[in-house]
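Every number in this text was worked out from the coordinates using simple rules, so none of it is lab data. Owing to the predicted nature of the structure, the values given are computational and were not obtained by experimental measurement. Counting neighbours? That spans all protein chains shown, and the Cβs are built from the backbone with ideal geometry, glycine included.
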Amino acid sequence: MAYRLFSLLLLSTTLIGSKFFMGQSEIFRFLIIKSWGILYMGQEITTNHFTRRDLQVFQQRLQRETAELESWFADSVFSSHMPVAGYEMEAWLIDQDASPSPCNELFLKTADNPLYTAELARFNIELNAQPITIQSNFLSAFEKDFQQHWLYCQQVAADIGCRVLSTGILQTLQNKHLNMANVSNLLRYRALNEQVLLQRQGRALELKINGHQSLSSVHHNVMLEAAATSLQIHLQAPQHLAHHYYNASILISAPMVAISANSPYMFAKDLWDETRIPVFEQAVDVGGYDGAAQGPIHRVSFGTDYARQSLMECFTENEQHFPVLLPMCFTEDVSKMQHVSLHNGTIWRWNRPLIGYDHDGTPHLRIEHRVMSAGPTVLDNVANMAFYFGLVQYYATQSIAPNEMLDFSRARDNFYTSAQHGMDNKVSWPGCDRCDMRHLILHKLIDHAQAGLESLNLDAADIEYYLSIIQSRAEQKQTGSHWQREFVKRHGNDMQRLLETYYHNQQTGEPVHCWDFETYK
């Protein structure tokens, strides 16, 4: 059974990279919209300037919708259907010299597929997948469909004289590429840029990362965000369990970012195992009230705590602690949650709660897990998804709630140190104070993921196949980041040479733990 890629823009409620979905038929568009909710912030806007009145109206409607949302939680109106999953992956367009190719408008026109969308930068695109009930062989179905669409994207790119690549941070990216001339031709991106700089009172964005080497640069727009491309996973959960899945996603973020690390380099500097994390956090560095970007609450962050009773706590925090970034006003119909969704979409937690709708119009809750890089291959992506679905299912359904297993502060520390050090990290884990990450994955978490996937009644062969990729990657300690660093050790700090070899290996479809270090060009 083949599955179509669907627009996870409709899932993600992210401003950067969000688009209004237009399906190939009215029926298909209706099903997607009713199933996972319109992304109102994805609609194109008519101006990138907002007035004080716009802000006042938006805040009033946001307050009304937040109050209505609280009553939804109190009355348990959310869907009990589960489990449903989806994903989105961002990718790069590169030219024959391995530099960013700002041609996504031509690519999308040539591809003529509403499920491929533009991103913030003209050299980025996004692939999306149709939501699917987690059952039987859905993992292998995802892989089959993903491979078909990836091959089609490669053909489209070749037809217009460029190439498509999946990686966390493009190895050949330079500061000069991150300019407003390379912003995709949509007003909402210029609106985002204007509003971020407005809330920063015109102060430039500063990127400072200390890793294996140090990097410091200054940016006068939000284009720095375009440097980080990811695989984002979505999971729908019933209301009474949704906060457990959210908390479990927080708990397992450290091993997920460690095992999937694929962005060690930025501007040719060797930084973190997953350099996307500090890059994105500093790319849209505006915070909450009473302190803006210098305040204790940031718009891109690991969050401030677990959800103790329900996901409503996150939406309350949104309304009370974050100033409105894009005051685009919609209908006054509170049942559509347009303003709540837009506001939530401009707050980028690494694990984010979302609101959507089932086919019958019943609102539902889902979790967006945002910690992983894109790539190195389709097979690596699907293995990462399998590991996540298994782990989150296991930890969300234990007799001890995830938030009672490990203090939030330790889960947060685990995440950032794992993003920096990958499988070489030491973490606090339930029952273990300083666990070696690689040992933890090999001797505990793979078993837990298998138990979680088995409880979802997935095909035994699929479970063994995809988790074996995670196991081999951990055994060989060869993530995408490790491979890139080893290649540079052997062949020197030539980012073009690195990228060409990475691209060549990606075309083979072999998972990254099978890659050797022979240079391609």
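Helix-only mean residue ellipticity at 222 nm, the chain, DSSP H runs n ≥ 4 weighted -39,500 (n - 2.57), per residue, nearest 500. What is it?
Numbers: 19 runs with 222 residues, N = 521.
Counting only the DSSP helices, I get -13000 deg cm²/dmol.
Loop-located GluC sites (Glu not before Pro) across region 465-521 with a Cβ neighbour count of 13 or fewer within 10 Å are Glu518, with loop assigned by DSSP. Amide H contacts of Val84: Ile134, Gln236, each under 5 Å away and 5 or more positions distant or on a separate chain (H built 1.01 Å from N in the peptide plane; Pro and chain starts excluded). In this structure, the amide hydrogen of Met372, modeled 1.01 Å from its nitrogen in the peptide plane, lies closer than 5 angstrom to those of Leu231, counting only residues at least 5 positions away or on a different chain. Considering only lysines 8 or more places apart in sequence, or on different chains, count the pairs in region 9-514 whose C-alpha atoms sit under 18 Å apart. Total qualifying Lys-Lys pairs in region 9-514 comes to 12.
Working note: Karplus 6.51/-1.76/1.60 with θ = phi - 60° gives region 167-182 the couplings 7, x, 10, 4, 5, 9, 4, 10, 4, 5, 6, 8, 10, 5, 5, 9 Hz, where Gly and Pro are set to x. When each of the peptides 218-227, 464-473 is scored by how many other beta carbons lie within 10 Å of its residues on average, the order from highest to lowest is 218-227, 464-473.
Taking 0.36 nm per residue of separation and subtracting the current Cα-Cα distance, fully stretching the chain between Thr331 and His443 would add 35.1 nm.
Cys residues of the chain that find no other Cys beta carbon under 4.7 Å: Cys103, Cys153, Cys162, Cys314, Cys329, Cys514.
Between Lys176 and Lys144, the simple spin-label model (points 7 angstrom out along Cα→Cβ) gives 4.7 nm.
Annotation: extensible slack from Thr508 through Asn210 equals 103.9 nm (criterion: 0.36 nm per residue apart, minus Cα-Cα distance).
Given R0 = 30 Å, the distance between the Cβ atoms of Glu70 and Ile297 translates into a calculated FRET efficiency of 0.90. Taking θ as phi - 60° and the Karplus parameters 6.51, -1.76 and 1.60, the scalar couplings of region 106-117 work out to 5, 4, 5, 5, 5, 5, 6, 10, x, 8, 10, 9 Hz in sequence order, x denoting glycine and proline. Using θ = phi - 60° in the Karplus curve 6.51 cos²θ - 1.76 cosθ + 1.60, the 3J(HN,Hα) couplings for region 212-226 round to 4, 10, 10, 9, 9, 8, 10, 9, 10, 7, 8, 5, 4, 4, 5 Hz; x is entered for Gly and Pro. Asp54 sits among other residues whose Cβ lies under 15 Å from its own Cβ, and their net charge, with Lys and Arg +1 and Asp and Glu -1, is +2. Between Ile160 and Asn185, full extension at 0.36 nm per residue minus the direct alpha carbon distance yields a gain of 7.1 nm. With the simple model of a label 7 Å out from the Cα in the direction of the Cβ, His220 to Gln309 spans 4.9 nm.
For Leu120, the residues whose amide H sits under 5 Å from its own are Gly17, ignoring neighbours fewer than 5 places away on the same chain, with H placed 1.01 Å from N. Remark: region 9-514 carries a charge dipole of roughly 1020 debye about the Cα centre, counting +1 on each Lys and Arg Cβ and -1 on each Asp and Glu Cβ.
Taking the Cβ-Cβ separation of Thr362 and Thr110 as r and a Förster radius of 35 Å, what is the calculated FRET efficiency to the nearest 0.05? That gives a FRET efficiency of 0.35.
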